[in-house]
Amino acid sequence: MFKGKKIGVVVPAYNEEKLISKVIDNMPSYVDYIIAVDDASNDNTFKILEELKEKENNRLIVIKHTTNKGVGASIITGYNKALALDLDIVAVMAGDGQMNPEELKDIINPIAIEECDYTKGNRLFSGEAWKMIPKLRYIGNAFLSLLTKIASGYWHIADSQAGFTAISKKALKTLRLERLYPRYGYPNHLLVKLNVYNFKVKDIPVTPIYNVGEKSSMKIYKIIPTISWLLLKGFFWRITQKYIIRDFHPLVFFYFFGLFLFPFGVLWGAFIIFSRIFVYHITSHPDIINFCKTFSTQAALFFDGFITVAGLQMLLFAMWFDMEYNKELK
């Protein structure tokens, strides 16, 4: 126990035979239950976990998926088991050894003292993060963190892909766990859901750990488009749920007109530039030339500039309203 709270740690694992023993062996003594979820590994991960059960004096619970469901699904399986065990705080530490067990206290303490309902590690607080994290992953993480701020409404949160987290029993009971995204976009989707229920979220500085023998199956070129689409849908769902259905806020109008005017202005501006520079060199068709002349006049250019700037201002005002509305959730 930790400060009178029953603590559980979910350990999602997929092909982690090299590091899973280290993760389990180094788990702090105040952790009441370790819930290891093997996501249909192809190596000896499950066998090693089964062998570790006796050493852990029954605090290690091993669950195996018969098919690979994704890291998010593994965490959800662990969360459901934690609810069945009536644990007060449930942390997540991946089976790849990239999370420092000594920092677990920092992750669970704000929830234990009821400062917030969800905490997550932030590896970017350290000035060493750029040197330690693989550059492509760092840039991809930064891009997704920006999108997650907009989609989730937690503007104070960064390093959205960090998997070192903890959540309160109250939050777990409130969320519809079965509706959370089951794969790499899970932490982003979870933040969107938490915001709609007005749960407080806190970033905790943690140390990035790499080159300990871990092998990531994450493909940045696949993950970014997938999570970006997930966040776009999550953004519209959150705005609808939070600012229309559950309450009403005028930022809805700012987002609506901003999301229409700004892209329209940008596309029209691109059309004007294309018309003035290229169209007369690639076609002599009079109808096409007359059409381009009609919609790329000097007046059209000024009007396009006006609606583009107006649309951008509306988007910025909407974001500012969103920040103000959610400033108490940190």
*Give the number of residues within the stretch 262-282 that are crowded, with 17+ Cβ neighbours inside 10 Å and either in contact (Cβ under 8 Å) with a residue 60 or more places away in the chain or β-branched (Val, Ile, Thr) (or both).*
2
*Hits in the stretch 251-261 (condition: crowded, with 19+ Cβ neighbours inside 10 Å and either of a type in the set (Lys, Arg) or over 26 Å from the mean Cα position of the chain (by Cα) (or both))*: Leu261
*Take the residues in the stretch 129-155 that are among the small types (Gly, Ala, Ser) and modelled with pLDDT of 75 or more, then tell me which one is surrounded by the fewest Cβ atoms within 10 Å (Cβ to Cβ).*
Ala142
_Suppose we keep only residues that are surrounded by 20 or more Cβ atoms within 10 Å (Cβ to Cβ) and outside any helix (DSSP H, G or I) within the stretch 205-234. Which one would you say is modelled with the highest pLDDT?_
Val206
_the stretch 63-115: number of residues that are in a strand (DSSP E or B) and either small (Gly, Ala, Ser) or crowded, with 20+ Cβ neighbours inside 10 Å (or both)_ = 4
*Which of the following residues is without any contact (Cβ under 8 Å) to a residue 60 or more places away in the chain and more than 24 Å from Gln161 (Cα to Cα): Asn42, Asn68?*
Asn42
*What are the residues in the stretch 131-182 that are within 12 Å of the chain's Cα centre (by Cα), assigned to a helix (DSSP H, G or I) and under 25 Å from Ala112 (Cβ atoms), if any?*
Ser152
*Mind listing just one residue for me: the one in the stretch 289-326 that is of a type in the set (D, E, K, R) and modelled with pLDDT under 95 and, of those, surrounded by the fewest Cβ atoms within 10 Å (Cβ to Cβ)?*
Lys293
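The values are calculated or read from the model by the stated rules, or taken from the named source; none is laboratory data. Predicted model only: the values in this text are computed from it and were never measured. Using ideal geometry, Cβ is built from the backbone for each residue, glycine included, and neighbour counts are taken over all protein chains shown.
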